[in-house]
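Shown next, in C-alpha cells, is the structure this report addresses.
The values are calculated or read from the model by the stated rules, or taken from the named source; none is laboratory data. Everything numeric here is computed off the predicted structure, so don't read it as measured data. Every residue, glycine as well, gets a Cβ built from its backbone with ideal geometry; the counts of neighbours run over all protein chains shown.
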Amino acid sequence: MIFNSHQICVLYLSPKGSLLYGESPLILDYPGQKITQVFWHSDSYHLIMITDKNIAVIEADINPNEVSLVNLNKSPSGLFYDPDKDSLYFSDYQTGTDGVIYENIYKLELSGKQSVMSSTIRLKQNGKE
C-alpha cells in the first residue's frame, strides 16, 4: 500500500513480493481531502485513513465504504497506531468553556464488541467474509 495526499494505491503481491498476475492495483481517489497517513488495520482488509480534517476507516475494495470516526480541529500530531491492540493514539485540541485552548491526547479503540467498525461496515479477515 502506498499513498500520496489525494490517493491510496493497494498493490496485491505474491508471497515472494512480485505483483500477482491478473490483479490490478486498487486506486482510491480523495481529491477533496489531504491524506496525511494511512495504516492497515490488523484484519488486513480495512485501511485507517488520517486526513487533515478527520480519521476514517475504509475498505480496501473497489467500492469502499468509508466511515468517519473522528472530526479533527487540526491535523493530528504524535499519531501512533498499535496493531496489536487495534488502538490509534493521537492529539487534537479543543477550546474550553473558559476560552482557553487545550491540547488533548486521545485513544481510539478499533477492535472488540464496542468497535465502531463491527457495527458500521462489514468485517472481512484475510480475504474471507
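When you go through (1) assigned to a strand (DSSP E or B); (2) closer than 16 Å to Phe90 by Cβ; (3) without any contact (Cβ under 8 Å) to a residue 24 or more places away in the chain one by one for Ile48, which number turns out not to apply?
Condition (3) is where Ile48 drops out.
I'd like to check something: does the stretch 56-66 contain any residue that is within 24 Å of Tyr12 (Cα to Cα) and touching a residue at least 60 places away in the same chain (Cβ under 8 Å)?
Yes, there is a match, as at least one residue in the stretch 56-66 is within 24 Å of Tyr12 (Cα to Cα) and touching a residue at least 60 places away in the same chain (Cβ under 8 Å).
Yes or no: the stretch 73-88 includes at least one residue that is at pLDDT below 85, part of a strand (DSSP E or B) and out of contact with any helix residue (DSSP H, G or I) (no Cβ under 8 Å at 6 or more places or on another chain).
yes
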